[in-house]
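Coordinate-derived values only; no laboratory data. Everything quoted here is computed from the prediction, not taken from an experiment. Every residue, glycine among them, receives a Cβ derived from its backbone with ideal geometry; neighbour counts consider all protein chains shown.
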Amino acid sequence: MNDTPGWASPGSSDSSEPERGDSPQTPPPPPPAPQDAAPNWSKQQPPPNQWSAPAGGGWGGPPPPAGGWGSPPPPPPGPGWGAPGGWQSAPWGRPPAAKPGVIPLRPLGVGEILDGAVSTMRAHWRVVLGISLAVALITQAVLVVVQGLFLTNDSDFSRVQDDPNATSGEILRAAGGAIAGSGAAALISLIAMIFATAMLTMVISRAVLGRPVTTGEAWRDARPQLLRLLGLTLLLPLIAILIVAVATVPGIVVIALGATGGGIALAVLGGLAGCGVAIWLSVRWSLASPALMLEKQNVITSMKRSMKLVRGAWWRILGVQLLAWLLTSIVSGTIQVPFTLIAGAVGGDGAGSFMSQNADLGWTFLIVTAIGGVIGTAITLPISAGVSTLLYMDQRIRREALDIELARAAGLPGYGGTGAPDRVTPES
């Protein structure tokens, strides 16, 4: 076993094998019934319904088992037999899966993936909320500054827009400043999100094993892979944009040749086809981030690992990710709406002023709405990171028997563990 947060070297078994699924194990066959001897029966038999088993086992033999003459033989020793809630109620049933941490060590259902992400927040709330809250504060603060400088009614960009006598140079300078500020804000937010995703992935990897984790430990585990994660995060959307752009090239060429109507139609169809390919590849590469962090892979290898793990489960992974996105959007919107109403009442001309075209988007309005954004991001960011990481683990459990390696890493007896797990030390 590779004693890293990945718990097993990648490709320890063939990921192209059929998934294990969640089907019950095949029960062992019951013991064969003893062969009846061929005794010499007496011709004189007792009347029917009047014979009973002799007391004490009869004829000096040992007493019958406690379960009666027809009870099955006692179960063989081993994990699960005789444990509380184990196989006693169903002699040939499946034993309950081990659960040292936030998920049971077996193929997971959709509800268990979402519950595991939420359980991680509850079990390690100080670390999880500390990381996500710090990231949310940074991103929202940068966003407030950019919006306050370039998008409020007192900003240069707004004044140039409202000035009919503004020169083209003034418009270009104001637009360039707004674009530069927005780009800087987006870059800072991206870096902060990468830090949060990397550290939360490490927290979840330990929560699965039921181990405590501190912010310092999560940072030490995540730090060696941060630059690679940044490269992966920038590369994936760049590939998607290039695919869509290339798909529209034939239409643009036709437009340049003079067939405007046909070229526009061809460009639209090409763009739609390119979007479809980009979405398909995005799902195939959606597990690259946890693979890169937990297996200590490089960018290209993690993308290949993701495609291998997602193969045959594309629709399921897309559905889980859409469900998680819908859930986080609802939670974030539910938190944001009250703060937006308060911001409109406090920072504008009334509760509904922010909905009008001439809304006064001043600093008070931006700060109050940013508070709602901080709270929403601090709650939803761990859920998004948790779903992605647990989906990765679920696919490895289904394809590579990662549950056995997880049980060993958790120190569970009966799996080669010591029963007293040590801290997982990441290896480069």
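Points to keep in mind about this one:
- Exposure proxy ranking, count of Cβ atoms within 10 Å, fewest first, for R220, R396, R206, R126: R126, R220, R206, R396
- HN-Hα J in Hz across the range 137-149 - Karplus 6.51, -1.76, 1.60, θ = phi - 60°, x for Gly and Pro: 5, 5, 5, 5, 5, 5, 5, 5, 4, 5, 5, x, 7
- Relative packing of peptides 130-141, 335-346 - highest average C-beta neighbours within 10 Å first: 130-141, 335-346
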